[in-house]
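The values are calculated or read from the model by the stated rules, or taken from the named source; none is laboratory data. These numbers come from a predicted model, not from an experiment. Positions of Cβ are generated from backbone atoms using ideal geometry, with glycine treated the same way; all protein chains shown enter the neighbour counts. Note: accessible area is taken over every heavy atom of the protein model, side chains too, but ligands, DNA and RNA are not part of it. Shrake-Rupley method; radii C 1.70, N 1.55, O 1.52, S 1.80 Å.
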Amino acid sequence: MALPSLARRRVVVLLIAVAYIVTYLLAAKWANAFSQGGTVLIWFPPAGVAVGFLYLEPRLLPLAIVTEAISTVFVMGVGDLFGGAGLLVNSIVIPISYFLAAMTMRRLHLDPRLRTTRDLVVMGAAGLVVGPVLAAATGVAVQAWVGMVPWSSYAELFGVFWVGDVVGVACLVPTIVLAGSAMLERRPLPLSDREANENRWLIIVEYLVPALTALILLRVGQAPMQFLYLAFVPVVAIAVRHGIAGAALSTAGLSAVMTVGADARAVGVLERSDYQLLMLVLTLTGLVLGSVVSARRDVTDRHRRLSEIIEATPDLVASAHFDGAIAYMNPVGLRLLGLAPDEVHDFHAFDFYPDELAADLLREAMKAAARNGTWTGENVLRRNDGRLVPVSQVLIAHQHEGDDDTTFSTVCRDMTDQRRLEDQLRRVALYDDATGLANRALLVEQLGRMLGVDGRTKPVAVLFADIDHFRLVNESYGYAAGDELVSTLAARVSGATRPRDLVARYGGGLFAIVMPEVADELEATFLADLLLQAFAQPVAVGDREVHVSGSIGIALSASHRDGSAGDDVQAHLDVLRSAEIALHRAKEGGGGRFALFDEDMERRSKQRIEVETDLRQVLANADWWLAYQPIVESATGRIVSVEALLRWTHPTRGPVSPFELITLAENIGLIVPLGREIFRRACEEAKVWHDTGFDLRVGINVSARELQEPSFVDDVRDVLRDTGVDPGLLIIEVTETVLAQDLAAEVAALATLRGLGCKIAIDDFGTGYSSLGGLRDLPIDVLKLDRSFITDLHRSPRAAATVEAVIHLAESLDLLVVAEGVENDEQREALKAMGCEHMQGFAISYPLVPGELRELLASHLTSPSG
């Protein structure tokens, strides 16, 4: 089970503490065993141990003080000479000196890998100067203070003490720092820079060669110092082969052997000092050379990795001289330019730029890079086969000291795919995916540019061409068929326009055509005629032919702003709005035609918008009311039913017709909630009349959009339940055009309502071109003859014959006939003579508010009629 990080850290610190005590005491034992007697030592390895361990773990300082006291008393055996006070002071000042050296290395951010000359300088300044100087100064002072040495020998002893510490630090600190940092970082001990390619045991044997060499040389002749310098050879060889790790480990072993040799062969302090100096020189030489070699290898490795990156990068990387001579190009660059490796030097950099413009851009880029160091931009390269490649280029200038020649490196990224993607994104953003035509955004942008051309003398025409009843195509055949229809008509529209005209899909089945520089509206209307013909031709959609028509609105910029549209930043939006207004007027005329925008049309459009705005507020606040037009029995004149009619008076325009109200409600998407409220209010008022004793039927108009609403039947059930009105006294009136379309969902909804007890009436019968024979299959009870049949009834034999035929047909189908729009007594008498049972119109009564209707009902005997 893995230890938590805090517990693991404590275990590591404990192990370091134990290792410090053991290593320090063993080092002291070694130093004492090979001293010349007294307090003068050839080297003092405990100094290196203390500095190295305190660098790794500064919290060992209290333990270092205790360990120094133990070493002085039990290892060195000079505790009695120091006395109590001297021992205490000596045990404190010596470790603190080494601690300050370790902290200096930490504060100067020594890299424990020692792979740079800076690291050796930091270690030398701290470990060879700060620590040994302080330790020698305070240590000799304490010894003189307690009487162990005379003050007169202070300078000489200081020098010997300092050199002993310096040698100890130089020989051991690099090894301890390298090994200890590897252990703390949980990585293997680095034996060599070449460890991956060498056997570890052979490396260790190789590191013993300097020590063995010194041991042999110490036994040659009577003056071994004459030959001992030859130990430089293996030290230098190991430093060169293995770097700083090899130098540190091999010089540590060499120092141990030379200590033994110095003790055995040297006589006197001066001769032993020669050994100290030689040990220091050997050690520093190995360390400096090893550090330089390791640093050089690091640089080489970085260059190798950089070279591998450059070789593997997906970008072209190359270098060239100022005159364009190519010095290097990576494999990707060769592939990008279509070159073989041996061909690149046959070209100059300028050969790969397709024209003078690109070459001039490169020359300017080189000048900018020479001034600023780098240049970044875009350019075009030419492959060896002539194909052009767009690139994003970075140019770097390399200035050489003492040399006027400037070389350049470049990184070029192939932008072909990005340009292709940008083109695709631009196409998605500016073109319609289904038709390939410009979309609304591009239309607005291009129209703005056309209107903003300085000096434009001719107007710009905008045509909005819309597919009539396009929504029904989608609903009947599916959206895929709708898309196919739009694509076919888009091709026809594009084929009918001039090459310089802009054709766009504005949305749904709506196209916009911009005609720049038209002489007058005649050109636009001529194109509109062509487009109407194109729309009227049948379109093959799947395995069927679809017949549609189109409506077109035309607006000219000059007519809209008196020739000044180019000066108005909103001109392009205004002319689009004008064309849309004209399109609405064409549709109001029944479709299949075009309309040219004029000022009167704009006035009516603004008026319509104002009414729509007011209507939204009225519908939201329910500020409308219902009027009821009586329907009488022809024979008796009794009121048998009423038709509920929507009424609203505009604050400034006065009364608004029910047809306009319903149309506006449908256009702004409020017809369903409005119809629901009309149905509820009519039922509530009918319930009041029924409870008062007037059992007359109430006719309520229902639009096709309401019948299409999935919740319509449930809404009717809720109203019947909430109001308690008798369903048999309600007549649901729908226009003939709804049933003529033979939409199954609407017919099913009417059948359900009839099943609830409601009566179903066809309103405006005769205007929807429904089959008379098909009436028997519809869930209806009442036929309401449109007023267009009644107007000429008493003057036209044909009209009279038609009405009489419908009445007889209705009787045979057991349907009740109501004649609408009866406005005079002649029509009334004629209908009565034909056997028409019920009549409705101004000749009978105008629509009445509920209070007026109650007064009228009170003056009539009212009874239900079948």
### Message
For Y506, what residues show an amide H to amide H distance below 5 Å, using hydrogens built from the backbone and excluding near sequence neighbours?
### Response
F511, A512
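Per residue, how big is the convex hull around the C-alpha atoms of the chain? Give it to me in cubic angstrom, could you? Present the calculation step by step, with values, prior to reporting the outcome.
Working: hull volume 311.8 nm³, N = 866.
Dividing the Cα hull volume of the chain by its residues yields 360 Å³.
What's the carbon and sulfur percent of the chain's accessible surface, probe 1.4 angstrom, rounded to a whole number? Before the final figure, lay out each step's value.
Values: 24080 of 41680 Å².
Exposed carbon and sulfur together represent 58 percent of the surface.
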### Message
Under a crude label model (7 Å from the Cα following the beta-carbon direction), how far is T117 from E677 in nanometres?
### Response
9.2
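If you add up the charges near T67, with Lys and Arg at +1 and Asp and Glu at -1, over every other residue whose beta carbon is less than 15 angstrom from its beta carbon, what do you get?
Details: positive: K29, R59; negative: E57, E68.
Taking every Cβ under 15 Å from that of T67, the sum is 0.
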### Query
Residues of segment 378-467: accessible area per residue at 1.4 Å, in Å²?
57
## Note on the structure
Between E733 and residues 5 or more places away or on another chain, the pairs with built amide H atoms under 5 Å apart involve I700, N701, V702, A761
### Message
Give me the one-decimal nm value for the distance between modelled label points at L306 and L208, 7 Å along each residue's Cα-to-Cβ direction.
### Response
4.2
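Rg(Cα) of segment 71-128 divided by 2.2 N^0.38 Å? If you can, show how the numbers build up before the last one.
Numbers: Rg = 15.9 Å, N = 58, 2.2 N^0.38 = 10.3 Å.
In units of the globular-protein estimate, segment 71-128 measures up at 1.54.
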### For segment 711-728, 3J(HN,Hα) per residue [Karplus equation, 6.51 cos²θ - 1.76 cosθ + 1.60, θ = phi - 60°, Hz, x = Gly/Pro]
8, 4, 4, 5, 4, 4, 4, 4, 5, 4, 5, 5, 8, x, 6, 6, x, x
### Debye log10 I(q)/I(0) at q = 0.15, 0.16 Å⁻¹ for segment 339-483, Cα point scatterers
-0.94, -1.00
### Query
So for the pair T649, K367, with labels modelled 7 Å out along Cα→Cβ, what separation do we get in nm?
8.3
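How much of the DSSP bridge set in the chain is antiparallel, in percent, rounded to the nearest 5?
Working: 65 of 91 bridges.
Roughly 70 percent of the DSSP beta bridges within the chain come out antiparallel.
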### Message
I want the local charge near G637. Using Cβ-Cβ distances under 13 Å, sum +1 for each Lys or Arg and -1 for each Asp or Glu among the other residues.
### Response
-1
### Message
Please compute the contact order of the chain in relative form: average sequence separation of alpha-carbon pairs under 8 Å and at least six residues apart, divided by the residue count, as a percent.
### Response
6
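What net charge do the residues around P174 carry, taking every other residue with its C-beta under 13 Å from that of P174, with Lys and Arg at +1 and Asp and Glu at -1? Don't skip to the answer; put the middle values down first.
On the way: positive: R113, R115; negative: D111, D119.
Summing Lys/Arg as +1 and Asp/Glu as -1 gives 0.
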### Query
What's the FRET efficiency of E588 with Q708 using the Cβ-Cβ distance as r and R₀ = 25 Å, to the nearest 0.05?
0.65
